[in-house]
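Below: one structure, written as structure tokens.
The values are calculated or read from the model by the stated rules, or taken from the named source; none is laboratory data. Computed from a predicted model, the values in this text were never measured in an experiment. For neighbour counting, all protein chains shown are included, and Cβ atoms are generated from backbone atoms with ideal geometry for every residue, glycine included.
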Amino acid sequence: MSLVCENCGAVYSGKISSYSKFVKCPYCDAVIVVSVGSRDADISGKEFDVAQFKTFLSRRGVNTFDTVSGILRCGTQEVVVDADGAISGPDPLKSRAEKWLHQFMTEQ
């Protein structure tokens with residue numbers, strides 16, 4: 001499903017995190033609301049919080065996550081975790097970080 005900016009009519013083709021409620025139009029910087037049907041996975045209703053995600057990772061022994069830059073390092077690999085929960089970077093660390101993010105968002 002594609003998202004269309006209501007302000008300028010541009011089609012948003014970027015990555016959408018499963019936990020995003022909105023994305024920013026790359027052309028006019030307007031906010032595009034993401035409907036539940038447009039997201040990649042089911043939403044648990046929990047809000048993504050970078051500081052809580054860092055605490056979650058620390059409990060698992062991963063202490064190389066910088067909340068300011070969003071960079072998560074493991075060995076020589078690194079991925080970027082955006083404020084809305086979108087993860088970008090190379091596999092296999094990206095897959096591992098997405099698994100951690102899913103565990104974080106679904107834990108009670």
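Of all residues in the stretch 32-45, those satisfying the criterion of being surrounded by 13 or more Cβ atoms within 10 Å (Cβ to Cβ) and modelled with pLDDT of 70 or more are I32, V34.
Filtering the stretch 52-82 to residues that are in contact (Cβ under 8 Å) with a residue 12 or more places away in the chain, in a loop (DSSP other than H, G, I, E, B) and within 20 Å of K15 (Cα to Cα) leaves G70, D82. Scanning the stretch 83-102 for residues that are touching a helix residue (DSSP H, G or I) at 6+ places or on another chain (Cβ under 9 Å) and outside any helix (DSSP H, G or I) returns A83, G85, I87, S88, G89. Scan the stretch 56-108 for residues that are among the β-branched types (V, I, T) and more than 15 Å from the chain's Cα centre (by Cα) and the total you get is 3.
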